[in-house]
There are 2 protein chains.
Amino acid sequence: MSIQDKFARLANDNAPGQEVRQTDEGLAGVLRGDRLDGRPVDFSHGDVDAHPPSPGSFDLFAAGVALGGAQAYTEYRGDMGIREAAAARLVAFTGAPVDARDGLILTPGTQGALFLAVAATVTRGDKVAIVQPDYFANRKLVEFLEAEMLPVQMHHASAAPGEAGLDLAGLEAAFRAGARTFLFSNPNNPAGTVYSPAEIARIAALAAEYGATVIVDQLYSRLLYSGCAYTHLRAAMPGSDNLVTILGPSKTESLSGYRLGVAFGAPQIVSRMEKLQAIVSLRAPGYSQAVLRGWFAEPEGWMAERIARHQAIRDDLVARFAAIPGCSVRAPEAGSYLFPRLPALTITPAQFVRALRLQAGVTVTPGTEFSPHCADSIRLNFSQDHAAAVAAVERLAALVERYRR
Amino acid sequence: MSIQDKFARLANDNAPGQEVRQTDEGLAGVLRGDRLDGRPVDFSHGDVDAHPPSPGSFDLFAAGVALGGAQAYTEYRGDMGIREAAAARLVAFTGAPVDARDGLILTPGTQGALFLAVAATVTRGDKVAIVQPDYFANRKLVEFLEAEMLPVQMHHASAAPGEAGLDLAGLEAAFRAGARTFLFSNPNNPAGTVYSPAEIARIAALAAEYGATVIVDQLYSRLLYSGCAYTHLRAAMPGSDNLVTILGPSKTESLSGYRLGVAFGAPQIVSRMEKLQAIVSLRAPGYSQAVLRGWFAEPEGWMAERIARHQAIRDDLVARFAAIPGCSVRAPEAGSYLFPRLPALTITPAQFVRALRLQAGVTVTPGTEFSPHCADSIRLNFSQDHAAAVAAVERLAALVERYRR
């Protein structure tokens, strides 16, 4: 495969955060009506000004800088003391042992952890089961490694409450067809669903039966709304040689600017991840690692309040979307994503997303980034200023009417 | 290729910075004599406590945090304002235009830039010309991508003053054999040589003749000792569609803890690098990017003093090594590496490196990390406390006598 062909599959023109590079070509003659005034809202990622970093994070960073060389240069997988502290907290959080020395690695962002986990597990020609819809990079990682994606559908819109709606028969079919890796996010990005205890148990059983490696991205697993029960896959597969869990403080804790991720699980996979980290980015973020000293040790009540604020935004936005005729939306059980399905429009979904940005100052991510079957959906990260987010969705609703078929 | 085979080629047991994970197995019955007292020195990397980060760097980081979301979330290739400022300074430094919008990308560390540049250029089965000796990750990047390495020798020990000693006929032979990528560091890591104007002109001419892409790692190109003339390859290949230059503030400026790298050159390569960054680490380091605002804008005289201090350490250490009978060393023209060749010993070079750490508290990197032909050499990063470094090399000399054949 030529390098050009290989990279054509990694196009990120519509990826969240890249909208600033778009031009308005192709929209001439398509846009109707005037611009709607209002404070612009970028739903492609969370607003860390509206929901600031967890308290004390900057002071921890400053203390890391003051430590000097000992913090700047650590093992490639990160400082042992920081790994030990994180491991102890992750045992308490996930309900299963964590090997701080050999079974945990710090990475530049959770994206870094995801890349290393997949590239340390999957090689050319391997078959990988990928959920649709799921995090947009999952598919691209498989493409980059010249592996083969076996899609498994998640019927989030029609699933029973408390279930993600994964097609478990489809997952088994993928394993039967040769998939030896299963990569998925829980809570799901973009749909905000949480896998039920029965779904997790079945995934664990199938992975054991087929000897498959599972990489589970739990980036949003601390941001659970009232009534949501979360099941950690690693507690259902204790001591598995075939499981890596990915987590990080970028989302609920708003520490994304420090670029920190954590992966933990099977030591032989973590060992390969470190070998790869050595040539991909050398080591875990030097000074930033120090910020993890405060992770899972936030002040009493801080996390509860952060969740409550997000739940209130969720409820208001879900109500706004539900009021748009022909629009369907499932209230997320966790995380900060909404994934509504829009009614039929006179312009293409891609054109609508661009019109939304140009005419209403509202940036969202097209559903096709997450699944080829979700062209009529859009993803919104609702970790935003509450009032600005509500007003932005009202402008979005007005544009839906403007372009309604 | 199985994932196990693929990663066996990426072993980093002897990589600089990973010594803490080594055990003393295999040394029983090999060590002779007592431990030599003295302050431990880790020559595997620079000491940023002895040579602290450039002035104002922490304040720039703090200002980035204060900017909030605008600094935490940027284009994947980095903030446009920071890229524009860096581009202007890199024009002045390298003597050739830099396209801030489309021809420059910020990455997590220069290792990140190197990975992205190579992986955006080389695909499976491609032939890549690699210098021996050169930076240890170059070979591993080629291995990871399942490409083929065509080695080109650099005769640094016997080269004329002012020349790196690259086998230019060997380079042409590699191109003739099908290499379409050439990856090298200038100043050379580990030998500290700088390519002469004639060598650079010949590399440029050969690259043009064979349509090859060149990736040049200039990480140490600001740390030039008196009498050294540096030639920027990009000034010899202006506007080339086939050149990427890599630089960063981790070394001379001691900003490694912020994990910052920069790559600049052909826009179509930078575009692919950004697509890959999206799935490898998502974006350039959020808050850390802000530290680049002070890059190439250090206080008057600061860089000259930093270079003078390193030159003084260089001179003392070169004299110490030259005084060891049978040891040969070339004084580096740039950078902070010494790459002396040791006399014949009664133990293997790998055992000597471990003995040095255990018996003398001196950590160095074995020459085999840089070339299979350099087993009797060791690399020392002499960006250390001056007196401690001299004392450490004296202990090293004592151990050479202890184990001399």
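The values are calculated or read from the model by the stated rules, or taken from the named source; none is laboratory data. Every value quoted in this text rests on a predicted model; they were computed, and no experiment measured them. Ideal geometry is used to build each Cβ from the backbone, glycine not excepted, and the neighbour counts take in all protein chains shown.
Does B:F58 qualify as being more than 13 Å from chain A (Cβ to nearest Cβ) and not small (G, A, S)? So B:F58 fails the test. Count of region B:339-354 residues, restricted to those that are crowded, with 17+ Cβ neighbours inside 10 Å and of a type in the set (V, I, T), is 2. Of the residues making up region B:370-380, just one is closer than 18 Å to B:G38 by Cβ and touching a residue at least 40 places away in the same chain (Cβ under 8 Å), namely B:L380.
If you go through region A:31-65 and keep only what is among the hydrophobic types (A, V, I, L, M, F, W, C), within 27 Å of A:T252 (Cα to Cα) and either more than 20 Å from the chain's Cα centre (by Cα) or not in a loop (DSSP other than H, G, I, E, B) (or both), you end up with A:V41, A:F58, A:L60, A:F61, A:A62, A:A63, A:V65.
Would you pick out the residues in region A:317-333 that are charged (D, E, K, R) and either touching an Asp or Glu at 6+ places or on another chain (Cβ under 8 Å) or surrounded by fewer than 16 Cβ atoms within 10 Å (Cβ to Cβ) (or both)? Once the filter is applied, which keeps residues that are charged (D, E, K, R) and either touching an Asp or Glu at 6+ places or on another chain (Cβ under 8 Å) or surrounded by fewer than 16 Cβ atoms within 10 Å (Cβ to Cβ) (or both), region A:317-333 yields only A:R320. Scanning region B:340-353 for residues that are assigned to a loop (DSSP other than H, G, I, E, B) and touching a Phe, Trp or Tyr at 6+ places or on another chain (Cβ under 8 Å) yields B:P340, B:L342, B:T346, B:I347. Residues of region B:160-179 that are surrounded by fewer than 20 Cβ atoms within 10 Å (Cβ to Cβ) and modelled with pLDDT of 95 or more: B:E163, B:D167, B:L168, B:A169, B:G170, B:E172, B:A173, B:R176, B:A177, B:G178.
To keep it simple, each residue is scored yes or no on (1) aliphatic (A, V, I, L, M); (2) assigned to a loop (DSSP other than H, G, I, E, B); (3) within 10 Å of chain A (Cβ to nearest Cβ).
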position: B:T110; (1), (2), (3): no, no, yes
position: B:L114; (1), (2), (3): yes, no, yes
position: B:A117; (1), (2), (3): yes, no, no
position: B:I130; (1), (2), (3): yes, no, no
position: B:D134; (1), (2), (3): no, yes, no
position: B:E143; (1), (2), (3): no, no, yes
position: B:M149; (1), (2), (3): yes, no, no
position: B:V152; (1), (2), (3): yes, no, no
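Looking across region B:44-66 at every residue that is in contact with a helix residue (DSSP H, G or I) (Cβ under 6 Å, 6 or more places away or on another chain) and of a type in the set (D, E), the one that is surrounded by the fewest Cβ atoms within 10 Å (Cβ to Cβ) is identified as B:D49. Does A:A92 qualify as being touching a helix residue (DSSP H, G or I) at 6+ places or on another chain (Cβ under 9 Å) and among the hydrophobic types (A, V, I, L, M, F, W, C)? No: the conditions fail for A:A92. Of all the listed residues (A:D99, A:D47, A:D24), the sole one being at pLDDT below 95, of a type outside the set (S, T, N, Q) and farther than 30 Å from B:G46 by Cβ is A:D24.
Can you find a residue in region B:137-160 that is more than 25 Å from B:A15 (Cα to Cα) and of a type outside the set (S, T, Y)? Yes. Within the bounds of region B:294-314, is there any residue that is within 14 Å of another protein chain (Cβ to nearest Cβ), within 20 Å of B:Y220 (Cα to Cα) and within 21 Å of the chain's Cα centre (by Cα)? Taking every residue of region B:294-314 in turn, none turns out to be within 14 Å of another protein chain (Cβ to nearest Cβ), within 20 Å of B:Y220 (Cα to Cα) and within 21 Å of the chain's Cα centre (by Cα).
Within region A:188-236, the set of residues being out of contact with any Pro (no Cβ under 7 Å at 6 or more places or on another chain), buried (at least 18 other Cβ atoms within 10 Å of the Cβ), small (G, A, S) and within 28 Å of A:D315 (Cα to Cα) comprises just one member, A:S196. For region A:1-43, the candidate set comprises residues that are surrounded by fewer than 19 Cβ atoms within 10 Å (Cβ to Cβ) and of a type in the set (G, A, S); within that set, the residue that is farthest from B:R272 (Cα to Cα) is A:G33. The condition of being buried (at least 18 other Cβ atoms within 10 Å of the Cβ), under 24 Å from B:H51 (Cα atoms), assigned by TED's automatic domain parsing to the domain that holds B:D79 and of a type in the set (S, T, N, Q) holds for only one of B:S336, B:S281, B:S250, that being B:S250.
The set of residues in region B:228-261 being under 19 Å from A:G69 (Cβ atoms) and away from every other protein chain (no Cβ under 14 Å) consists of B:T252 alone. Quick check: anything in region A:293-303 in a helix (DSSP H, G or I) and either in contact with a helix residue (DSSP H, G or I) (Cβ under 7 Å, 6 or more places away or on another chain) or under 21 Å from A:R101 (Cβ atoms) (or both)? Scanning region A:293-303, I find at least one residue that is in a helix (DSSP H, G or I) and either in contact with a helix residue (DSSP H, G or I) (Cβ under 7 Å, 6 or more places away or on another chain) or under 21 Å from A:R101 (Cβ atoms) (or both), so the answer is yes. Taking every residue in region B:1-13 that is acidic (D, E) and pairing it with any residue that is at pLDDT below 90, at least 6 positions away or on another chain, the pairs with Cβ-Cβ distances below 9 Å are B:D13/B:R21; B:D13/B:Q22. Quick check on region A:17-30: of everything there that is touching a residue at least 40 places away in the same chain (Cβ under 8 Å) and part of a loop (DSSP other than H, G, I, E, B), which residue is farthest from B:A70 (Cα to Cα)? Ranking the candidates gives A:V30 first. Working only within region A:236-251, note down all residues that are in contact with a Ser or Thr (Cβ under 6 Å, 6 or more places away or on another chain), closer than 20 Å to A:P285 by Cβ and assigned to a loop (DSSP other than H, G, I, E, B). Residues satisfying the conditions are A:G248, A:S250. Taken over region A:201-235, the criterion of being more than 20 Å from A:V262 (Cβ to Cβ) and either β-branched (V, I, T) or assigned to a helix (DSSP H, G or I) (or both) is satisfied by A:A201, A:R202, A:I203, A:A204, A:A205, A:L206, A:A207, A:A208, A:E209, A:Y210. Scoring B:E84 on the criteria (1) charged (D, E, K, R); (2) outside any loop (DSSP other than H, G, I, E, B); (3) within 12 Å of chain A (Cβ to nearest Cβ) leaves a single failure, condition (3). Taking region B:114-138 as the range and being closer than 16 Å to B:N242 by Cα and more than 12 Å from the chain's Cα centre (by Cα) as the test, the residues that pass are B:L116, B:A117, B:V118, B:A119, B:A120, B:T121, B:V122, B:T123, B:D126, B:K127, B:V128, B:A129.
Hey, any hits in region B:332-350 for a residue that's under 22 Å from B:M154 (Cβ atoms) and β-branched (V, I, T)? Checking region B:332-350: not a single residue is under 22 Å from B:M154 (Cβ atoms) and β-branched (V, I, T). Mind listing just one residue for me: the one in region A:369-388 that is in a loop (DSSP other than H, G, I, E, B) and not polar (S, T, N, Q) and, of those, surrounded by the fewest Cβ atoms within 10 Å (Cβ to Cβ)? Among those residues, the one meeting the criterion is A:P372.
Tallying residues that are surrounded by fewer than 21 Cβ atoms within 10 Å (Cβ to Cβ), at the interface with chain A (Cβ under 9 Å from one of its Cβ atoms) and part of a helix (DSSP H, G or I) within region B:68-81 yields 3.
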